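Remarks on the structure that follows.
The values are calculated or read from the model by the stated rules, or taken from the named source; none is laboratory data. What you see is a predicted model, and the numbers here were worked out from it, not measured in a lab. Virtual Cβ from ideal backbone geometry, glycine too; neighbours counted across all protein chains shown. Heavy atoms of the whole protein, side chains included, go into the accessibility calculation; ligands, DNA and RNA do not. Shrake-Rupley method; radii C 1.70, N 1.55, O 1.52, S 1.80 Å.
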Amino acid sequence: MSRVKDKNLAPQGRLKIEWAVDHMPVLSAIEAEFSKDKPLKGIRVGFALHVTKETAVLVNTLKAAGAEVAIASCNPLSTQDDVAASLAKDGVEVFAWRGENTKEYYENIASVLDSKPHITVDDGGDLVFMVHKERTDLIKGIKGGCEETTTGVIRLRAMEKDGVLKYPVFATNDADTKHMFDNHYGTGQSSLDGVLRATNILFAGKTVVVAGYGWCGRGIAARARGMGSHVIVTEVDPILALRAAMDGFTVKSMDDAAPLGDAFITATGNVDVITERHFKKMKAGAVLANAGHFNNEVSIPDLEKLAKSKKEMRPNVERYELQGGRHIYLLAEGRLVNLAAAEGHPSEVMDMSFANQALAVRYIAEHKMKPGVHEIPRDIDERVARMKIASMGITIDGLSDRQKKYLSSWDEGT
Ligand code: ADE
(Lines give C-alpha, C1' and ligand atoms only; values in the text may rest on other atoms or scores of the structure.)
Protein backbone atom coordinates (compact mmCIF):
# COMPACT_ATOMS: atom_id res chain seq x y z
CA MET A 1 0.00 0.00 0.00
CA SER A 2 1.43 3.35 -1.07
CA ARG A 3 2.08 6.09 1.49
CA VAL A 4 1.80 9.62 0.02
CA LYS A 5 0.78 13.01 1.42
CA ASP A 6 -2.59 13.41 -0.28
CA LYS A 7 -4.10 11.12 -2.91
CA ASN A 8 -6.45 13.92 -4.04
CA LEU A 9 -3.49 15.73 -5.60
CA ALA A 10 -3.30 13.08 -8.35
CA PRO A 11 -5.01 15.09 -11.17
CA GLN A 12 -2.58 18.01 -10.68
CA GLY A 13 0.33 15.55 -10.68
CA ARG A 14 -0.98 13.95 -13.87
CA LEU A 15 -0.85 17.34 -15.64
CA LYS A 16 2.73 17.89 -14.48
CA ILE A 17 3.74 14.46 -15.79
CA GLU A 18 2.08 15.20 -19.15
CA TRP A 19 4.09 18.43 -19.31
CA ALA A 20 7.30 16.49 -18.68
CA VAL A 21 6.42 13.86 -21.31
CA ASP A 22 6.03 16.66 -23.85
CA HIS A 23 9.60 17.79 -23.10
CA MET A 24 11.22 14.35 -22.97
CA PRO A 25 11.21 13.09 -26.56
CA VAL A 26 14.06 10.59 -26.16
CA LEU A 27 12.54 8.83 -23.18
CA SER A 28 9.15 8.88 -24.91
CA ALA A 29 10.65 7.12 -27.96
CA ILE A 30 12.22 4.53 -25.65
CA GLU A 31 8.86 4.06 -23.94
CA ALA A 32 7.23 3.36 -27.32
CA GLU A 33 9.93 0.78 -28.09
CA PHE A 34 9.61 -0.82 -24.62
CA SER A 35 5.82 -1.02 -24.95
CA LYS A 36 6.27 -3.23 -28.00
CA ASP A 37 9.17 -5.40 -26.77
CA LYS A 38 8.18 -5.69 -23.07
CA PRO A 39 11.83 -6.33 -22.07
CA LEU A 40 11.08 -6.02 -18.34
CA LYS A 41 8.18 -8.45 -18.07
CA GLY A 42 8.29 -10.05 -14.62
CA ILE A 43 11.05 -7.70 -13.38
CA ARG A 44 10.58 -5.73 -10.16
CA VAL A 45 12.44 -2.40 -10.06
CA GLY A 46 13.04 -0.51 -6.79
CA PHE A 47 13.73 3.22 -6.96
CA ALA A 48 15.18 5.71 -4.48
CA LEU A 49 15.07 8.79 -6.67
CA HIS A 50 13.71 12.32 -6.31
CA VAL A 51 9.98 11.89 -6.89
CA THR A 52 9.51 14.50 -9.61
CA LYS A 53 7.52 14.73 -12.81
CA GLU A 54 10.61 13.62 -14.77
CA THR A 55 11.15 10.59 -12.54
CA ALA A 56 7.49 9.73 -13.11
CA VAL A 57 8.17 9.57 -16.86
CA LEU A 58 11.02 7.13 -16.19
CA VAL A 59 8.82 5.04 -13.89
CA ASN A 60 6.11 4.93 -16.57
CA THR A 61 8.66 3.94 -19.21
CA LEU A 62 9.72 0.94 -17.14
CA LYS A 63 6.09 0.06 -16.43
CA ALA A 64 5.38 0.16 -20.16
CA ALA A 65 8.22 -2.35 -20.53
CA GLY A 66 6.38 -4.72 -18.20
CA ALA A 67 8.17 -3.90 -14.91
CA GLU A 68 6.56 -3.56 -11.50
CA VAL A 69 7.88 -0.47 -9.73
CA ALA A 70 8.18 0.63 -6.09
CA ILE A 71 9.62 4.06 -5.33
CA ALA A 72 10.84 6.09 -2.34
CA SER A 73 12.51 9.47 -2.45
CA CYS A 74 16.26 9.96 -2.10
CA ASN A 75 15.84 13.25 -0.26
CA PRO A 76 13.35 14.23 2.47
CA LEU A 77 12.52 17.59 0.84
CA SER A 78 12.42 16.84 -2.89
CA THR A 79 9.15 14.93 -3.36
CA GLN A 80 6.51 16.60 -5.52
CA ASP A 81 3.45 15.40 -3.60
CA ASP A 82 1.07 15.74 -6.54
CA VAL A 83 3.34 13.62 -8.73
CA ALA A 84 3.64 11.00 -5.97
CA ALA A 85 -0.16 10.88 -5.72
CA SER A 86 -0.55 10.45 -9.47
CA LEU A 87 1.95 7.60 -9.60
CA ALA A 88 0.23 5.86 -6.67
CA LYS A 89 -3.13 6.22 -8.42
CA ASP A 90 -1.64 4.54 -11.49
CA GLY A 91 -0.57 1.45 -9.56
CA VAL A 92 3.01 2.26 -8.61
CA GLU A 93 3.96 1.53 -5.00
CA VAL A 94 4.99 4.98 -3.75
CA PHE A 95 6.48 5.67 -0.33
CA ALA A 96 7.31 9.37 -0.40
CA TRP A 97 6.15 12.79 0.73
CA ARG A 98 7.79 16.18 1.12
CA GLY A 99 9.02 16.76 4.66
CA GLU A 100 9.77 13.17 5.75
CA ASN A 101 11.76 12.99 8.99
CA THR A 102 14.87 10.82 9.08
CA LYS A 103 13.05 7.79 10.51
CA GLU A 104 10.28 8.02 7.90
CA TYR A 105 12.86 8.48 5.16
CA TYR A 106 14.58 5.19 5.98
CA GLU A 107 11.27 3.39 6.57
CA ASN A 108 10.29 4.40 3.04
CA ILE A 109 13.55 3.08 1.60
CA ALA A 110 12.96 -0.16 3.53
CA SER A 111 9.43 -0.42 2.11
CA VAL A 112 10.87 -0.32 -1.42
CA LEU A 113 13.19 -3.17 -0.47
CA ASP A 114 10.23 -5.12 0.92
CA SER A 115 9.04 -5.36 -2.70
CA LYS A 116 12.15 -7.55 -3.31
CA PRO A 117 13.48 -5.70 -6.36
CA HIS A 118 15.50 -7.46 -9.04
CA ILE A 119 17.00 -4.10 -10.07
CA THR A 120 17.69 -1.04 -7.89
CA VAL A 121 17.81 2.51 -9.24
CA ASP A 122 19.45 4.92 -6.80
CA ASP A 123 20.32 8.60 -6.59
CA GLY A 124 22.89 8.72 -3.79
CA GLY A 125 23.10 5.00 -3.09
CA ASP A 126 20.70 4.51 -0.20
CA LEU A 127 19.04 1.37 -1.61
CA VAL A 128 22.40 -0.27 -2.30
CA PHE A 129 23.68 0.67 1.17
CA MET A 130 20.62 -0.63 2.98
CA VAL A 131 20.75 -3.88 0.99
CA HIS A 132 24.41 -4.36 1.96
CA LYS A 133 23.97 -3.33 5.60
CA GLU A 134 20.55 -4.65 6.59
CA ARG A 135 18.98 -6.72 3.81
CA THR A 136 21.75 -9.02 2.58
CA ASP A 137 19.06 -11.71 2.12
CA LEU A 138 17.98 -9.77 -1.02
CA ILE A 139 21.38 -9.86 -2.75
CA LYS A 140 20.91 -13.25 -4.40
CA GLY A 141 17.74 -12.00 -6.13
CA ILE A 142 19.23 -8.71 -7.37
CA LYS A 143 20.49 -8.68 -10.96
CA GLY A 144 21.99 -5.21 -10.75
CA GLY A 145 21.53 -1.53 -10.07
CA CYS A 146 21.98 1.94 -11.52
CA GLU A 147 23.35 5.04 -9.78
CA GLU A 148 22.30 8.51 -10.88
CA THR A 149 24.67 10.89 -9.15
CA THR A 150 28.35 11.73 -8.59
CA THR A 151 28.12 11.32 -4.80
CA GLY A 152 26.56 7.87 -5.15
CA VAL A 153 29.19 6.73 -7.66
CA ILE A 154 32.00 7.89 -5.36
CA ARG A 155 30.54 5.85 -2.50
CA LEU A 156 30.00 2.78 -4.71
CA ARG A 157 33.60 2.93 -5.89
CA ALA A 158 34.68 3.05 -2.23
CA MET A 159 32.58 -0.09 -1.59
CA GLU A 160 34.13 -1.79 -4.62
CA LYS A 161 37.64 -0.87 -3.42
CA ASP A 162 36.88 -2.39 -0.02
CA GLY A 163 35.61 -5.55 -1.75
CA VAL A 164 32.12 -5.27 -0.25
CA LEU A 165 29.98 -4.44 -3.29
CA LYS A 166 28.09 -7.65 -3.98
CA TYR A 167 26.16 -6.88 -7.14
CA PRO A 168 26.78 -5.00 -10.41
CA VAL A 169 25.87 -1.31 -10.53
CA PHE A 170 25.98 1.00 -13.52
CA ALA A 171 27.57 4.40 -12.87
CA THR A 172 24.92 6.13 -14.94
CA ASN A 173 26.23 9.50 -13.76
CA ASP A 174 29.44 8.88 -15.65
CA ALA A 175 27.79 8.51 -19.08
CA ASP A 176 28.75 11.55 -21.18
CA THR A 177 25.11 12.20 -22.07
CA LYS A 178 24.40 12.36 -18.33
CA HIS A 179 27.04 14.39 -16.52
CA MET A 180 28.03 16.70 -19.40
CA PHE A 181 24.43 17.94 -19.61
CA ASP A 182 22.49 17.14 -16.42
CA ASN A 183 25.27 18.13 -14.00
CA HIS A 184 26.33 21.14 -16.05
CA TYR A 185 23.26 22.71 -17.64
CA GLY A 186 20.74 21.07 -15.32
CA THR A 187 22.39 21.96 -12.01
CA GLY A 188 23.51 25.32 -13.40
CA GLN A 189 20.01 26.46 -14.25
CA SER A 190 18.00 24.70 -11.55
CA SER A 191 20.22 25.81 -8.65
CA LEU A 192 19.79 29.44 -9.59
CA ASP A 193 16.10 28.71 -10.11
CA GLY A 194 15.95 27.40 -6.52
CA VAL A 195 17.70 30.47 -5.11
CA LEU A 196 15.42 32.74 -7.15
CA ARG A 197 12.15 31.02 -6.22
CA ALA A 198 13.14 31.08 -2.55
CA THR A 199 14.45 34.65 -2.37
CA ASN A 200 13.76 36.55 -5.61
CA ILE A 201 17.13 38.31 -5.14
CA LEU A 202 18.69 40.14 -8.07
CA PHE A 203 21.75 38.31 -9.35
CA ALA A 204 23.01 41.24 -11.44
CA GLY A 205 25.76 43.06 -9.59
CA LYS A 206 25.94 40.55 -6.73
CA THR A 207 29.05 38.65 -5.73
CA VAL A 208 28.23 34.94 -5.90
CA VAL A 209 30.68 32.45 -4.39
CA VAL A 210 30.52 29.01 -6.02
CA ALA A 211 32.25 26.26 -4.04
CA GLY A 212 33.50 23.49 -6.32
CA TYR A 213 34.32 23.68 -10.03
CA GLY A 214 33.35 20.18 -11.15
CA TRP A 215 30.60 19.74 -13.73
CA CYS A 216 27.95 21.16 -11.38
CA GLY A 217 30.00 24.09 -10.10
CA ARG A 218 30.99 25.04 -13.65
CA GLY A 219 27.34 25.12 -14.65
CA ILE A 220 26.36 27.27 -11.68
CA ALA A 221 29.27 29.68 -12.15
CA ALA A 222 28.50 30.10 -15.87
CA ARG A 223 24.82 30.78 -15.26
CA ALA A 224 25.47 33.22 -12.39
CA ARG A 225 27.92 35.11 -14.61
CA GLY A 226 25.30 35.12 -17.36
CA MET A 227 22.92 36.88 -14.99
CA GLY A 228 25.45 39.61 -14.29
CA SER A 229 26.99 38.39 -11.05
CA HIS A 230 30.62 38.71 -10.17
CA VAL A 231 31.53 35.07 -9.51
CA ILE A 232 34.23 33.85 -7.14
CA VAL A 233 35.11 30.15 -7.34
CA THR A 234 36.64 28.15 -4.49
CA GLU A 235 38.34 24.81 -5.20
CA VAL A 236 40.70 22.30 -3.58
CA ASP A 237 41.78 20.66 -6.85
CA PRO A 238 44.62 22.68 -8.44
CA ILE A 239 43.65 21.69 -11.99
CA LEU A 240 40.03 22.70 -11.56
CA ALA A 241 41.13 25.91 -9.81
CA LEU A 242 43.34 26.68 -12.80
CA ARG A 243 40.48 25.96 -15.15
CA ALA A 244 38.21 28.34 -13.23
CA ALA A 245 40.90 31.03 -13.38
CA MET A 246 41.36 30.58 -17.13
CA ASP A 247 37.58 30.59 -17.63
CA GLY A 248 37.86 34.13 -16.27
CA PHE A 249 36.57 33.63 -12.72
CA THR A 250 38.17 34.99 -9.57
CA VAL A 251 39.54 32.07 -7.58
CA LYS A 252 40.00 32.35 -3.82
CA SER A 253 40.05 30.30 -0.67
CA MET A 254 36.75 30.18 1.21
CA ASP A 255 38.40 32.15 4.01
CA ASP A 256 39.09 35.00 1.60
CA ALA A 257 35.78 34.70 -0.25
CA ALA A 258 33.61 34.57 2.88
CA PRO A 259 33.61 38.34 3.60
CA LEU A 260 32.93 39.18 -0.07
CA GLY A 261 29.98 36.99 -1.04
CA ASP A 262 26.38 38.12 -1.22
CA ALA A 263 25.34 34.58 -2.05
CA PHE A 264 27.13 31.24 -1.64
CA ILE A 265 26.28 28.05 -3.53
CA THR A 266 28.11 24.83 -2.63
CA ALA A 267 28.55 22.04 -5.18
CA THR A 268 31.54 20.05 -3.96
CA GLY A 269 30.15 16.68 -2.81
CA ASN A 270 32.20 17.11 0.36
CA VAL A 271 31.47 17.99 3.99
CA ASP A 272 32.24 21.17 5.96
CA VAL A 273 32.83 23.47 3.01
CA ILE A 274 31.37 26.47 4.86
CA THR A 275 31.89 26.34 8.62
CA GLU A 276 31.93 28.49 11.76
CA ARG A 277 35.02 30.52 10.87
CA HIS A 278 33.46 31.45 7.51
CA PHE A 279 30.05 32.38 8.96
CA LYS A 280 31.86 34.73 11.36
CA LYS A 281 33.33 36.69 8.44
CA MET A 282 30.23 36.92 6.25
CA LYS A 283 28.35 40.10 5.36
CA ALA A 284 25.00 40.73 6.98
CA GLY A 285 22.26 39.30 4.76
CA ALA A 286 24.45 36.75 2.96
CA VAL A 287 22.41 33.95 1.37
CA LEU A 288 23.63 30.34 1.69
CA ALA A 289 22.48 27.54 -0.59
CA ASN A 290 23.67 24.03 -1.32
CA ALA A 291 23.48 22.21 -4.64
CA GLY A 292 25.33 19.05 -3.54
CA HIS A 293 23.61 15.76 -2.74
CA PHE A 294 23.81 15.95 1.06
CA ASN A 295 22.99 18.71 3.54
CA ASN A 296 26.48 18.68 5.03
CA GLU A 297 28.37 21.10 2.76
CA VAL A 298 27.19 24.10 4.79
CA SER A 299 27.78 23.12 8.42
CA ILE A 300 24.35 23.50 9.97
CA PRO A 301 25.55 22.37 13.43
CA ASP A 302 28.07 25.26 13.35
CA LEU A 303 25.40 27.70 12.24
CA GLU A 304 23.00 26.52 14.95
CA LYS A 305 25.80 26.89 17.51
CA LEU A 306 26.61 30.46 16.46
CA ALA A 307 23.03 31.66 16.11
CA LYS A 308 21.16 33.41 18.90
CA SER A 309 17.86 32.64 17.19
CA LYS A 310 16.35 31.75 13.84
CA LYS A 311 13.07 32.30 12.09
CA GLU A 312 11.42 31.27 8.84
CA MET A 313 11.18 34.40 6.67
CA ARG A 314 9.56 32.80 3.62
CA PRO A 315 9.16 29.22 2.46
CA ASN A 316 12.64 27.69 2.17
CA VAL A 317 14.36 30.71 3.75
CA GLU A 318 15.58 30.76 7.35
CA ARG A 319 17.11 33.82 8.92
CA TYR A 320 19.83 33.13 11.51
CA GLU A 321 20.58 35.96 13.96
CA LEU A 322 24.28 35.99 14.82
CA GLN A 323 26.20 37.79 17.57
CA GLY A 324 26.85 41.48 16.91
CA GLY A 325 23.52 42.10 15.17
CA ARG A 326 24.37 40.34 11.90
CA HIS A 327 22.09 37.82 10.23
CA ILE A 328 22.52 35.33 7.40
CA TYR A 329 19.98 33.33 5.42
CA LEU A 330 20.04 29.58 4.87
CA LEU A 331 17.94 28.17 2.04
CA ALA A 332 16.07 24.84 2.12
CA GLU A 333 17.74 23.67 5.36
CA GLY A 334 20.98 23.29 3.43
CA ARG A 335 19.45 20.56 1.25
CA LEU A 336 19.63 20.45 -2.55
CA VAL A 337 18.29 23.92 -3.33
CA ASN A 338 17.22 23.05 -6.87
CA LEU A 339 14.91 20.25 -5.77
CA ALA A 340 13.79 21.59 -2.40
CA ALA A 341 13.05 25.17 -3.49
CA ALA A 342 12.34 24.59 -7.20
CA GLU A 343 11.46 21.64 -9.44
CA GLY A 344 14.90 20.13 -10.04
CA HIS A 345 16.51 20.02 -13.45
CA PRO A 346 14.31 20.82 -16.42
CA SER A 347 12.68 17.92 -18.25
CA GLU A 348 14.76 18.44 -21.41
CA VAL A 349 17.98 17.54 -19.61
CA MET A 350 16.49 14.74 -17.47
CA ASP A 351 15.39 13.29 -20.83
CA MET A 352 18.97 12.19 -21.47
CA SER A 353 19.80 11.14 -17.91
CA PHE A 354 16.72 8.97 -17.68
CA ALA A 355 17.09 7.60 -21.22
CA ASN A 356 20.44 6.23 -20.00
CA GLN A 357 18.74 4.83 -16.89
CA ALA A 358 15.98 3.15 -18.90
CA LEU A 359 18.42 1.57 -21.35
CA ALA A 360 20.71 0.54 -18.49
CA VAL A 361 17.84 -1.18 -16.66
CA ARG A 362 17.02 -3.09 -19.85
CA TYR A 363 20.68 -4.05 -20.26
CA ILE A 364 20.80 -5.41 -16.69
CA ALA A 365 17.63 -7.42 -17.29
CA GLU A 366 19.10 -8.96 -20.44
CA HIS A 367 22.71 -9.63 -19.36
CA LYS A 368 24.57 -11.41 -16.62
CA MET A 369 27.05 -8.94 -15.15
CA LYS A 370 29.79 -9.30 -12.53
CA PRO A 371 29.55 -7.50 -9.17
CA GLY A 372 31.23 -4.07 -9.19
CA VAL A 373 30.83 -0.61 -10.69
CA HIS A 374 30.21 -0.67 -14.47
CA GLU A 375 30.35 2.06 -17.08
CA ILE A 376 27.33 2.64 -19.27
CA PRO A 377 28.15 0.93 -22.61
CA ARG A 378 29.35 3.46 -25.16
CA ASP A 379 26.70 2.45 -27.69
CA ILE A 380 23.95 3.37 -25.20
CA ASP A 381 25.57 6.76 -24.52
CA GLU A 382 25.95 7.52 -28.25
CA ARG A 383 22.46 6.31 -29.02
CA VAL A 384 21.04 8.74 -26.44
CA ALA A 385 23.06 11.58 -27.99
CA ARG A 386 21.88 10.73 -31.50
CA MET A 387 18.26 10.51 -30.43
CA LYS A 388 18.53 13.84 -28.60
CA ILE A 389 20.09 15.75 -31.47
CA ALA A 390 17.55 14.26 -33.90
CA SER A 391 14.74 15.38 -31.56
CA MET A 392 16.23 18.88 -31.65
CA GLY A 393 16.12 18.89 -35.46
CA ILE A 394 19.92 18.89 -35.74
CA THR A 395 21.71 17.02 -38.52
CA ILE A 396 25.41 16.24 -38.18
CA ASP A 397 28.12 15.06 -40.56
CA GLY A 398 29.31 11.46 -40.85
CA LEU A 399 32.83 10.26 -41.59
CA SER A 400 33.68 9.46 -45.22
CA ASP A 401 35.51 6.16 -45.92
CA ARG A 402 38.66 8.16 -46.57
CA GLN A 403 38.33 9.92 -43.21
CA LYS A 404 37.74 6.62 -41.38
CA LYS A 405 40.84 5.14 -43.00
CA TYR A 406 42.87 8.26 -42.14
CA LEU A 407 41.83 8.09 -38.49
CA SER A 408 42.84 4.45 -38.21
CA SER A 409 46.22 4.82 -39.93
CA TRP A 410 49.55 6.16 -38.69
CA ASP A 411 51.59 6.58 -41.85
CA GLU A 412 49.96 9.64 -43.45
CA GLY A 413 51.47 13.01 -42.57
CA THR A 414 52.99 16.01 -44.27
N1 ADE B 1 17.81 15.46 -10.09
C2 ADE B 1 17.93 16.74 -10.45
N3 ADE B 1 16.81 17.18 -11.05
C4 ADE B 1 15.95 16.14 -11.08
C5 ADE B 1 14.63 15.98 -11.58
N6 ADE B 1 13.98 16.97 -12.18
N7 ADE B 1 14.07 14.78 -11.41
C8 ADE B 1 14.73 13.77 -10.80
N9 ADE B 1 15.96 13.87 -10.32
C10 ADE B 1 16.58 15.05 -10.47
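Return the residue satisfying two criteria in turn: it lies in the range 213-255 and is β-branched (Val, Ile, Thr) and closer than 24 Å to Thr149 by Cβ, and of such residues it is surrounded by the most Cβ atoms within 10 Å (Cβ to Cβ).
Top of the filtered list is Ile220.
Collect the residues in the range 346-371 that are surrounded by fewer than 21 Cβ atoms within 10 Å (Cβ to Cβ) and within 13 Å of the ligand (Cβ to nearest atom), keeping them in residue-number order.
The answer is Pro346, Glu348.
Hey, Thr199 hits all of (1) open to solvent by less than 20 Å² (accessible area, probe 1.4 Å); (2) among the hydroxyl-bearing types (Ser, Thr, Tyr); (3) over 20 Å from Phe249 (Cβ atoms) but one; which does it fall short on?
The failed condition is (1).
Since Ser73 meets every condition but one in (1) in contact (Cβ under 8 Å) with a residue 60 or more places away in the chain; (2) crowded, with 19+ Cβ neighbours inside 10 Å; (3) of a type in the set (S, T, N, Q), which condition does it not meet?
Of everything listed in (1) in contact (Cβ under 8 Å) with a residue 60 or more places away in the chain; (2) crowded, with 19+ Cβ neighbours inside 10 Å; (3) of a type in the set (S, T, N, Q), Ser73 misses just condition (1).
Does the range 296-345 hold any residues that are free of Cβ contacts under 8 Å to residues at least 60 places away in the same chain, open to solvent by 80 Å² or more (accessible area, probe 1.4 Å) and in a loop (DSSP other than H, G, I, E, B), and which are they?
Passing the criteria: only Lys308.
Could you check, for the range 97-104, whether at least one of its residues is under 26 Å from Gly141 (Cβ atoms), among the charged types (D, E, K, R), without any contact (Cβ under 8 Å) to a residue 40 or more places away in the chain and part of a loop (DSSP other than H, G, I, E, B)?
Checked against the condition, which is being under 26 Å from Gly141 (Cβ atoms), among the charged types (D, E, K, R), without any contact (Cβ under 8 Å) to a residue 40 or more places away in the chain and part of a loop (DSSP other than H, G, I, E, B), the range 97-104 yields no hits at all.
Counting only residues that are assigned to a helix (DSSP H, G or I) and over 23 Å from Leu62 (Cβ atoms), which one in the range 151-175 is most open to solvent (accessible area, probe 1.4 Å)?
It comes out as Lys161.
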